[in-house]
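Participant: One structure is given below, represented as structure tokens, and several questions about it will come after.
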Amino acid sequence: MRNIKLTLEYDGTEFHGWQVQPGLRTVQGILEERFSLLLKEPIEVTGAGRTDGGVHALGQVANFKIDNEIPLSGLYEGGNSLLPEDVSIKKVEEVPLEFNARYSAKGKVYRYEISRVRSALRRRYAWEVEYPLNLERMKKGTRVFLGEHDFTSFSKNGDSESHITRIVRCEWHRGGDSIVFEVEGVRFLQNMVRIMVGTLVEVGRGRFSPDEVGEMLSLRDRRRAGPTAPPQGLFLVEVKY
């Protein structure tokens, strides 16, 4: 028995998220289908995180177990030759049998990009926000997320038994015509980053004050936080082990 670890990149635009769903095109479903074809045995793929439909990945991690003696180069080249153009294998490794892409993860890094101008080419990879945003207000509102908190207000209702997690880094910076949010945490709840961004954009446009973000967090009520930002600006950048 061998345990194979994949590092993946994908454009989430045409996918209904990571997780297998009957009758729908998903990243996990495509991987299992194509690797089962390559290896001529049923393959079950475990991912580090379940990205939503439209969300992209620069460094998603997955693993699966096989009995096949195919070399790693064969998995890399054969896998990439069979995968569609919106999924790429960046790296293939053989890891200890106890490794699990989801449960062995120690943290994740996400990036969210907001474009300040209309762009025909970047519209699939950024949220176009053309109204004025005060970045300093947004930065001030962001600070409350650092540390360990109950993020019920910033997660899709009922998605997890525990809503407590720890954020070790979160910051905004400018990049050309964009502003970019980067956040690193121990784990993330469903829609958590997108709700954080949607709320902070409301702070930036003056609908909430920076201090209200802390109040939202303490209330533990999804209805009190801001809207969920659209998926196309979000990237899973890295999974840490």
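Bear in mind that the values in this text are calculations on the coordinates, not laboratory data. All figures in this text were calculated on a predicted structure; none of them were measured in a lab. Don't worry about glycine lacking a Cβ; one is built from the backbone with ideal geometry, like all the others, and counts go over all protein chains shown.
Participant: Sort 31, 146, 37 by Cβ crowding within 10 Å, fewest neighbours at the top.
Facilitator: Final ranking by Cβ density, sparse to dense: 37, 146, 31.
Participant: To the nearest 10 degrees, how steep is helix 27-39 against the longest Cα principal axis of the chain, on a 0 to 90 scale?
Facilitator: In the chain, helix 27-39 runs at an angle near 10 degrees to the longest axis.
Participant: Here is a further query. Round to the nearest 0.05 the FRET efficiency obtained for residue 117 and residue 161 when R0 = 41 Å and r is the Cβ-Cβ distance.
Facilitator: My answer for the efficiency is 0.45.
Participant: With a point put 7 Å past each Cα toward its Cβ, work out how far residue 50 is from residue 211 in nm, to one decimal.
Facilitator: Between residue 50 and residue 211, the simple spin-label model gives 3.9 nm.
Participant: Please build a GNM for the chain, connecting alpha carbons under 10 Å apart, and tell me which residue among 59, 147, 17 fluctuates the most.
Facilitator: 147
Participant: Taking a 28 Å limit on the Cα-Cα distance, which of the listed pairs 5/108; 90/140; 65/156 fall beyond it?
Facilitator: 90/140; 65/156
Participant: For labels at residue 21 and residue 98 in the simple 7 Å Cα→Cβ model, what's the distance in nm?
Facilitator: Modelled inter-label distance: 3.6 nm.
Participant: For residue 90 and residue 220, what is the calculated FRET efficiency with R₀ set at 51 Å and r taken between the beta-carbons, to the nearest 0.05?
Facilitator: Calculated transfer efficiency: 0.85.
Participant: Please report, in cubic angstrom per residue, the volume enclosed by the convex hull of the alpha-carbon atoms of the chain.
Facilitator: Residue-normalised Cα hull volume stands at 128 Å³.
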